[in-house]
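> Provided herewith is a single structure, encoded as structure tokens, for subsequent inquiry.
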Amino acid sequence: MRETIQIIDAQTGAPVDAEIFDEVALPHFIETQAEWRPVILAAARALSQQPNQGLLIPRHFHWDWTRKEAELKLLAVKFYGLAHAGKLQGIMKVETVAHSCRLPEQQGKPLVYIDYIESAPWNIKKLMGALGQPQRFRAVGTRLFEAAVLQSQEEGFRGRLGLHSLPGSEGFYINESGMTPVGRDPHKENLLWCEFTREQAEKYLAGE
Amino acid sequence: MKFNKDRNWLTKRAEQEDRHFISVGGLISRIDPEWQADVSSVPNVEATKTAFVRLLQLARRERRLSLEQLAQKSDVDLGELVKIESDESFKPTPRTIHQLAEFLKLPAKKLMALAGLLKIKDFGLQQASVRFAARSEPVEDVSPEEHAAFEEYVKFLNEQ
């Protein structure tokens with residue numbers, strides 16, 4: 001799968017073409033490790049020095065991406081990449097076997113689980129703000145999230161989607177995207193399990 | 001996939017995303033000092049980069065290819081290839097190394113390590129790279145000694 005979609009140039013505010021694809025390969029992983037990591041580290045340091053800013057570090061900051069190569073061959077795992085002019089701007093990993101629905105009305109049914117979703121650090125407004133640098137692109141995470149919802153619809157999961165939100169992301173998934181906060185997961189560092197039903201997924205895609 | 005093409009939808013979603021982080025999955029309690037070191041430290045970087053450039057030059061000359069022909073056959077940017085061979089401080093893109101590894105039938109991870117894109121943890125690879133860099137010279141014709149060194153190094157890279 002490789003499709004042209006639009007994201008927003010943060011400096012001009014104009015939509016620009018980008019590509020979203022699922023043929024993610026080792027070079028993409030290396031690119032995230034070699035080019036994203038130094039920027040993330042610098043931003044994390046800057047953020048940790050700001051007052052009232054409890055630093056919560058996402059687990060994937062620590063991933064050795066070269067070891068993720070084996071997962072590219074797993075049928076139940078899919079990696080999506082989003083690139084502009086050949087440069088990787090975001091990446092997402094979804095799984096379709098390891099988790100199932102927890103909401104009472106759809107409990108136990110299979111779903112698409114987002115295990116990892118991230119925009120390149122130069123596209124994250126809060127990180128660039130901490131570094132005093134301009135944001136490059138907007139809506140990269142939005143497009144990846146949209147791809148996960150569409151995958152759920154197209155592969156027979158009817159829009160059912162789940163994820164463990166980090167504390168700093170709960171507002172995005174619950175208030176902005178309309179997911180249901182089901183409960184804290186004691187087996188997952190007490191992170192909040194959020195879930196989409198079919199109807200919620202349809203509303204999200206329609207912009208309601 | 002039917003992505004939403006409405007500009008207002010995209011703008012609204014972008015505004016929402018900008019107000020938050022979007023991370024999922026799990027937390028770690030601190031940034032590991034070793035992880036921080038990984039960012040910049042590549043041991044013996046000069047020797048391995050030299051080995052990488054010489055390996056590329058010799059592999060090309062063994063096949064009697066010009067830079068332009070190698071760029072075409074391996075589907076990489078000619079300008080980048082020129083910079084790789086002429087400027088050892090130049091950092092190639094992961095895609096280029098991946099393409100070159102496929103064309104030269106070498107392990108991509110090791111080639112990326114030699115090119116300075118990954119940390120080299122394998123002491124044997126470091127040592128072999130230093131030896132190879134010392135035994136090869138960037139001259140026009142491949143000498144029998146260089147040919148032997150090249151063959152030995154390629155064998156080492158593929159064996160481990």
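The values are calculated or read from the model by the stated rules, or taken from the named source; none is laboratory data. Since this is a predicted model, take the numbers as computed values, not measurements. Glycine also receives a Cβ, built like all others from the backbone with ideal geometry; neighbour counts cover every protein chain displayed.
> Kindly list the number of the only condition in (1) in a helix (DSSP H, G or I); (2) modelled with pLDDT of 80 or more; (3) exposed (fewer than 13 other Cβ atoms within 10 Å of the Cβ) that fails for B:GLU34.
Result: B:GLU34 passes all but (2).
> Shifting gears a bit: Would you be able to say whether some residue in the range A:112-132 is in contact with a helix residue (DSSP H, G or I) (Cβ under 8 Å, 6 or more places away or on another chain), of a type in the set (Gly, Ala, Ser) and at positive phi?
Taking every residue of the range A:112-132 in turn, none turns out to be in contact with a helix residue (DSSP H, G or I) (Cβ under 8 Å, 6 or more places away or on another chain), of a type in the set (Gly, Ala, Ser) and at positive phi.
> Quick one: count up the residues across the range B:56-111 that are touching a residue at least 40 places away in the same chain (Cβ under 8 Å) and under 11 Å from the mean Cα position of the chain (by Cα).
4
> Now, a different point. Exactly one condition in (1) away from chain B (no Cβ under 11 Å); (2) modelled with pLDDT of 70 or more is false for A:GLN53; which is it?
Condition (2) is where A:GLN53 drops out.
> Go through the residues of the range B:51-70 one by one and say whether even a single one is touching an Asp or Glu at 6+ places or on another chain (Cβ under 7 Å), under 20 Å from B:GLU159 (Cβ atoms) and modelled with pLDDT of 70 or more.
Scanning the range B:51-70, I find at least one residue that is touching an Asp or Glu at 6+ places or on another chain (Cβ under 7 Å), under 20 Å from B:GLU159 (Cβ atoms) and modelled with pLDDT of 70 or more, so the answer is yes.
> Take the range A:146-159 and flag every residue that is within 11 Å of another protein chain (Cβ to nearest Cβ) and free of Cβ contacts under 8 Å to residues at least 40 places away in the same chain.
Of everything in the range A:146-159, just one residue is within 11 Å of another protein chain (Cβ to nearest Cβ) and free of Cβ contacts under 8 Å to residues at least 40 places away in the same chain, namely A:GLU154.
> Does the range A:67-77 contain any residue that is surrounded by 16 or more Cβ atoms within 10 Å (Cβ to Cβ) and at pLDDT 80 or above?
So far as the range A:67-77 goes, yes, one or more of its residues are surrounded by 16 or more Cβ atoms within 10 Å (Cβ to Cβ) and at pLDDT 80 or above.
> How many residues are loosely packed, with under 14 Cβ neighbours inside 10 Å and of a type in the set (Asp, Glu) if we restrict to the range A:160-208?
So the count comes out to 3.
> Residue by residue through the range A:8-42, note down the ones that are surrounded by fewer than 19 Cβ atoms within 10 Å (Cβ to Cβ), of a type in the set (Val, Ile, Thr) and over 18 Å from A:TYR116 (Cβ atoms).
Across the range A:8-42, the qualifying residues are A:THR12, A:VAL16.
> List every residue pair whose Cβ atoms lie under 6 Å apart, where the two residues are 6 or more positions apart in sequence or sit on different chains, the first residue falls within the range A:9-36 and is within 23 Å of A:LYS73 (Cβ to Cβ), and the second residue, located anywhere, is at pLDDT below 80.
Qualifying pairs under 6 Å: A:LEU26/A:GLU69; A:PHE29/A:TRP65; A:PHE29/A:LYS68; A:ILE30/B:LEU117; A:THR32/A:TRP65; A:GLN33/A:TRP65; A:ALA34/B:LEU117.
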